[in-house]
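See below for the structure under consideration.
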Amino acid sequence: MWLVSRPPKPPQLSRIATLTFPNNFAEFGWAKRNHEIGRFEFSSWKITLSTEYAKLLDRAYSALPKTTGTGERFEIPKVVGIRMGRRTIIQNFGDVASRMNRDPHHLLKFLSRELATAASLDGGRAIFQGRFDVQTVTRLLDIYAQRFVICPICKRPDTKVEKEGRLLFLRCEACGARSSILPT
């Protein structure tokens, strides 16, 4: 009968790091050496640095412009729409489509099907037959972004719509994922 032993465990590494410093910090002008104990005193330097740093930080923050966005990389622009009689006109439709990096005709087709109405493009504007609230169009743009713009794997907006035969695929340029999407 053979006795089989387990391989030895690897040695555990210490989590304490050893740092090496030059012998004389005084030549750098930011610490003084305490010869009795053999340690460096940084307390006066830290107080001076923190007060100067705080003043500089306050000055830098006061010079920054006030933030208007939420900090997200991908934001759907605010829809500017007006109602004229029985028509709803989206003034910045071209800007919305370009910010989503999508074909305006594809976006218009989606919105017209979801609103169940006829729509047309007029330059950078979209004209819908019927009276619709701006909130309704904004909500539908959010749905469009989730289905056709944002990658379902990595949640980034760096995608392209590819057509192969009769099928549409959403290809992510960030992670390389390829997922099928329903045609509009």
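Listing for the model above:
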read-out: Segment 173-184, residues that are part of a loop (DSSP other than H, G, I, E, B) and in contact with a helix residue (DSSP H, G or I) (Cβ under 7 Å, 6 or more places away or on another chain); value: Thr184
read-out: Qualifying positions in segment 134-172 - part of a strand (DSSP E or B), more than 25 Å from Ala118 (Cα to Cα) and within 25 Å of the chain's Cα centre (by Cα); value: Thr159, Lys160, Glu162, Phe169, Leu170, Arg171, Cys172
read-out: Number of positions in segment 78-95 that are part of a loop (DSSP other than H, G, I, E, B) and among the aromatic types (Phe, Trp, Tyr); value: 0
read-out: Criterion violated by Thr136 - all others in (1) touching a residue at least 24 places away in the same chain (Cβ under 8 Å); (2) under 18 Å from Met100 (Cβ atoms); (3) in the same structural domain as Ala97 (by TED's automatic domain parsing) satisfied; value: (1)
read-out: Hits in segment 122-136 (condition: touching a Leu at 6+ places or on another chain (Cβ under 9 Å) and closer than 16 Å to Pro77 by Cα); value: Ala126, Thr136
read-out: Boolean, Glu75 is in contact with a helix residue (DSSP H, G or I) (Cβ under 9 Å, 6 or more places away or on another chain) and part of a helix (DSSP H, G or I); value: no
read-out: Given (1) assigned to a strand (DSSP E or B); (2) touching a helix residue (DSSP H, G or I) at 6+ places or on another chain (Cβ under 9 Å); (3) not basic (Lys, Arg), number of the condition Ser98 does not satisfy; value: (1)
read-out: Residue in segment 55-65 that is surrounded by 11 or more Cβ atoms within 10 Å (Cβ to Cβ) and not in a helix (DSSP H, G or I) present; value: no
read-out: Test result for Arg131, out of contact with any Phe, Trp or Tyr (no Cβ under 6 Å at 6 or more places or on another chain), in a loop (DSSP other than H, G, I, E, B), at pLDDT 90 or above and in the same structural domain as Ala116 (by TED's automatic domain parsing); value: yes
read-out: Restricting segment 119-128 to residues that are assigned to a strand (DSSP E or B) and either within 29 Å of the chain's Cα centre (by Cα) or not assigned by TED's automatic domain parsing to the domain that holds Thr88 (or both), the residue that is surrounded by the most Cβ atoms within 10 Å (Cβ to Cβ); value: Ala126
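The values are calculated or read from the model by the stated rules, or taken from the named source; none is laboratory data. Source: prediction; values computed, not measured. As a convention, Cβ positions derive from the backbone with ideal geometry for all residues, glycine included, and neighbour counts pool all protein chains shown.
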